[in-house]
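One structure is given below, encoded as structure tokens.
The values are calculated or read from the model by the stated rules, or taken from the named source; none is laboratory data. These numbers were taken from a predicted model, which means no experiment stands behind them. Ideal geometry is used to build each Cβ from the backbone, glycine not excepted, and the neighbour counts take in all protein chains shown. Just the protein is used for accessible areas: all its heavy atoms, side chains included, with ligands, DNA and RNA removed. Shrake-Rupley method; radii C 1.70, N 1.55, O 1.52, S 1.80 Å.
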Amino acid sequence: MKDLTLARLRNTSFSILYSNFLINKDMDDIKYQKILSLATIFINSNDKYIKQLGYRIIIIYSNRTNDYKPLYEVSINLGINPVAKFIQNIEQYSSKESLFTELNLSFVELYKYNNVYFSEQQKQLMDFYINKKDSTIAVIAPTSYGKTDLIISTLRECKNKNICIVTPTKSLLAQTKTRIMNAGISWIDKIVTHPEMYNDNDLNTVAVLTQERLLRLLKNSPKLSFDYVIIDEAHGLLNDDDRNIVLASVIIVMEKRNKNTVYKFLTPFISDSQNLHVKYADYEIESFEISEYIKTERLYIYNIRDQHKLRIYDQFLDDFFNIKMPNNLKDEIDFIEFNKADKNIIYLNKPVDIEDFSTMLLNKLPTVLSDTINEACQSISEYMHPKYALIDCLKKGIIYHHGSVPDNIRIYIEHLYSVVPEIKYVITSSTLLEGVNLPAEKMFILDNKKGRGNLSPSNFKNLIGRICRFSEIFSTKNGSLKKLEPSVYLVVGKYYSKNADVEAFLRTTAKANRIIKDKPENVLLENTSIDSENRDKLTNAEEFIENYENGIIKDYDNRYTTTEIGKSCFLNNISEIDVFSSETQLQSKVDIYHEKQLIIDNTDTLFKVLYKLFFSNVIDNKNNQNLTRFQYPETRNFYKMFLEWRINSASYGEMISSFLGYWKKVIKERDDTLVYVGRWGDTCRSGFRPLWTDIKTKSNSQKINLAIVRIKDEQDFLDNTILKFIEVLNDIKLIEESLFLKIKYGTDDLRTITLVKNGISLGLANLLIDNYIKYLHINLVENTVSFDEQLINEMFVNGENQVMLYEVKYFLSK
């Protein structure tokens, strides 16, 4: 007899009983007995999806009836020990001791690790990881499965080795550094988070870097190699964007420098770990994939456009079932308020939509009475501006979270959201997909896109995995097994595209037995297909690698640079100009500058040279729109002004005021009052994307908040793009050292620079140097800093801003 499958089950009358059970319609003891009997049969099936369906039924039954005996027995048998342990601690079960329960209790204790109870596969994963210490491996495990513990175990087990941890974002970089510090690993003397922190004679050092920072470190230290490299969120390697081509490139360079480097690829999802194999590297990948099914999401569609219908999607039957809802819910906010939990994540694709919805939500919520929130609002008001929109949100129990929120404000409000009960909502973009961990019980998805396309099945899975993490489910303080059923609502209204087919989207992304295959698109991966469309991209990537560090590509027969400036362009990852076709001309100009003994010592000269050497030669395509703007004198004048702010260590308040003054001047002196605002734009000037706005139509409050997001965006643009070209000028000795340091770090004070290299914001670094120097121990040779224990207390006594105080606590906790 054939084993039961979901396809066969869908063609039976089971769906009638199951759908009533799922939505709790007309259920009685007899029906519960039937559904539990079927669940028992399903649990013992050889088909993993039928087994998972049986487990889902048991969870729903136990949570609904508070009868956890079936779930306890199933958890013991399936090795889901955290669930079994939690049930053992429930009063009505802890009092019923027997030989059976005592044996189970002893068994579960075998899976206790650092005061946390592991599931069977969690334990297997940890054993696999430790046993494969010296092997290249891929770990494929959902969020909550302790990938941070794996990183820490590598650091503990691989004492005095050269270890690098690569994270995709600066926020994860800071988070990882803090966790390593808190782990108290005795042999680690220094954690390098900035390429200029590293010295060639460093010992007992661990590097925690983004791929761009690692590329620069490898450039600065041509002999540096690593024994172990941990790639966090490694699924990004499959993508063909510039950042992940850089990631593949640094792996190739590291492999060339040390053929014995051991790689650890950590990812929540990938179907075939061999897709992580880069070209020109010989490593073999062993993998461990978590297949346990512990949480079972309840997925809903609430369609405001279609008579406000609420439907639950069952990922096993691949079907939708109607649920009655009150008819007085008018919009997204009414629905969210009706279904909210204590902590909620609201997902939107665009930062501009995040701020728009935040304003809509706060206008419908009452003001929160909380001394902590009031103090936080006052601190952010002083640090940023009293009319910063985030302050009004906080007063209503809301934070928002996107790439244009200043880094130290972001980590401060994440902390507030985590610890202040009155803050119930975080409204966020795909930044949440990149390892940001925030407590939440429910998720409301107001747009199913990421960038210009829909959330992929893997991205959707990763996103919804961010709610009801294991640490929240099994918390001894406020844990609940009801969190094993996270509720995810796709609320179809204002922010979904007009032609969005959300039912088809769910069937594509969430159907239980849908086989999801990887799509390797990065041209530097072995398994990416190369054709006429991407062959040039591969050639460009190979030319970059071979010119960055030649001798990597066997039988390489493409171009090499022949000039000093051409070589420097490759070492600084400049792809925005055609280096090969222009390097001779560029070198001639550089030679003339050297003959004239030109040393750039002011921003006016700097931008003249940048334009003549680089910006006038930028390849005109959609990826370089930010740089093609430099053909306009107004753009160059704006960035001269922006650099002056950094050189003078301007505060946020000063920069906001300067932005407002600049826009006031634009309105007064120019007929054309369109200003470039990037993704915050609502008007097209050239091309099809709205990247501009008419500044004279904005209210003062709108200008202030536009200035805040633009400052962060411009800082990122300066650091990630413009600075590469200035690094070239520094390499070829055309820029004064003091000016270069001020542009790069906001100061030429080496003490302050050391703090900035260690991850401290410039504003805090200036404060500490000016007022708390006696509590700092700065080593300019080692590029390290340590702090006396009295520092935080002294700052508190002096009434320093809470944003500054929390930044100190976050980065310096140990």
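From the list LEU613, LEU627, LEU606, the lone residue that is open to solvent by less than 10 Å² (accessible area, probe 1.4 Å), within 21 Å of GLY678 (Cβ to Cβ) and either among the aromatic types (Phe, Trp, Tyr) or in contact with a helix residue (DSSP H, G or I) (Cβ under 9 Å, 6 or more places away or on another chain) (or both) is LEU627.
Quick grid of which residues meet (1) closer than 20 Å to MET804 by Cα; (2) surrounded by fewer than 18 Cβ atoms within 10 Å (Cβ to Cβ); (3) among the hydrophobic types (A, V, I, L, M, F, W, C):
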position	(1), (2), (3)
LEU369	no, yes, yes
THR372	yes, yes, no
ALA376	yes, no, yes
SER379	yes, no, no
GLU382	yes, yes, no
ASP392	no, yes, no
LYS396	no, no, no
TYR425	no, no, no
LEU432	no, no, yes
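Against the list (1) among the β-branched types (Val, Ile, Thr); (2) surrounded by 18 or more Cβ atoms within 10 Å (Cβ to Cβ); (3) in a loop (DSSP other than H, G, I, E, B), the condition ILE516 fails is (2). The numbered conditions (1) in contact with a Ser or Thr (Cβ under 9 Å, 6 or more places away or on another chain); (2) surrounded by fewer than 20 Cβ atoms within 10 Å (Cβ to Cβ); (3) aliphatic (A, V, I, L, M); (4) at pLDDT below 95 are all true for ILE270 except (2).
Scanning region 114-127 for residues that are more than 19 Å from TYR293 (Cβ to Cβ), open to solvent by less than 70 Å² (accessible area, probe 1.4 Å) and either assigned to a strand (DSSP E or B) or in contact (Cβ under 8 Å) with a residue 12 or more places away in the chain (or both) yields one hit, MET126. For region 491-503, the criterion of being assigned to a helix (DSSP H, G or I), more than 26 Å from the chain's Cα centre (by Cα) and closer than 21 Å to SER458 by Cα is met by at least one residue. The residues listed here are LEU203, LEU172, LEU214; of these, the one that is within 21 Å of THR261 (Cα to Cα), part of a helix (DSSP H, G or I), touching a residue at least 40 places away in the same chain (Cβ under 8 Å) and of a type in the set (A, V, I, L, M) is LEU214. If you check LEU525 against the conditions, is it under 19 Å from LEU238 (Cβ atoms) and either touching a strand residue (DSSP E or B) at 6+ places or on another chain (Cβ under 9 Å) or of a type in the set (Asp, Glu) (or both)? The answer is yes for LEU525.
Scanning region 322-348 for residues being surrounded by fewer than 22 Cβ atoms within 10 Å (Cβ to Cβ) and part of a loop (DSSP other than H, G, I, E, B) gives a total of 12. Taken over region 227-252, residues that are outside any helix (DSSP H, G or I) and either modelled with pLDDT under 95 or surrounded by fewer than 22 Cβ atoms within 10 Å (Cβ to Cβ) (or both) amount to 7.
For region 303-321, state whether one or more residues are outside any loop (DSSP other than H, G, I, E, B) and closer than 30 Å to PHE118 by Cβ. Checking region 303-321: at least one residue is outside any loop (DSSP other than H, G, I, E, B) and closer than 30 Å to PHE118 by Cβ.
Being surrounded by 17 or more Cβ atoms within 10 Å (Cβ to Cβ), at pLDDT 95 or above and more than 26 Å from the chain's Cα centre (by Cα) is a description that applies to ILE312.
Number of residues in region 217-226 that are part of a helix (DSSP H, G or I) and open to solvent by less than 50 Å² (accessible area, probe 1.4 Å) equals 3. Among the residues of region 513-537, the one identified as at pLDDT 95 or above and of a type in the set (Gly, Ala, Ser) is SER529. Considered as a group, the residues in region 445-477 that are charged (D, E, K, R) and in contact with a helix residue (DSSP H, G or I) (Cβ under 8 Å, 6 or more places away or on another chain) include one that is farthest from LYS343 (Cα to Cα), and that residue is LYS450.
Pairs are defined by a Cβ separation below 9 Å, a sequence spacing of at least 6 or placement on different chains, a first member in region 774-797 that is closer than 18 Å to ASN201 by Cα, and a second member that is among the hydrophobic types (A, V, I, L, M, F, W, C) and part of a loop (DSSP other than H, G, I, E, B); the pairs so defined are VAL785/ILE760. Taking the conditions exactly as written (out of contact with any Leu (no Cβ under 8 Å at 6 or more places or on another chain) and surrounded by fewer than 17 Cβ atoms within 10 Å (Cβ to Cβ)), does THR584 satisfy them or not? Taking the combined requirement at face value, the residue satisfies it. Listed by first and then second residue, the pairs linking a residue in region 42-57 that is farther than 19 Å from TYR72 by Cβ and of a type outside the set (D, E, K, R) to a residue that is open to solvent by 40 Å² or more (accessible area, probe 1.4 Å) and in a helix (DSSP H, G or I), with Cβ atoms under 8 Å apart and 6 or more places separating them unless they lie on different chains, are SER45/LYS51.
Cβ-Cβ distances below 8 Å connect the following pairs, each with a first residue in region 603-624 that is touching a residue at least 24 places away in the same chain (Cβ under 8 Å), a second residue that is among the hydroxyl-bearing types (Ser, Thr, Tyr), and a separation of six or more residues or different chains: PHE607/TYR639; VAL609/TYR593; ASN617/SER582; VAL618/THR628. Taken over region 39-48, the residue count meeting the criterion of being closer than 15 Å to ALA7 by Cβ and buried (at least 20 other Cβ atoms within 10 Å of the Cβ) is 1. Pairs linking a residue in region 728-747 that is acidic (Asp, Glu) to a residue that is open to solvent by 10 Å² or more (accessible area, probe 1.4 Å), with Cβ atoms under 7 Å and 6 or more positions apart or on different chains, are GLU736/ILE599; GLU736/ASP601. Taking first residues from region 326-350 that are closer than 27 Å to ASP682 by Cα and partners that are open to solvent by 30 Å² or more (accessible area, probe 1.4 Å) and β-branched (Val, Ile, Thr), the Cβ contacts under 7 Å between residues at least 6 apart in sequence or on separate chains come to ASP331/ILE304; GLU332/ILE304.
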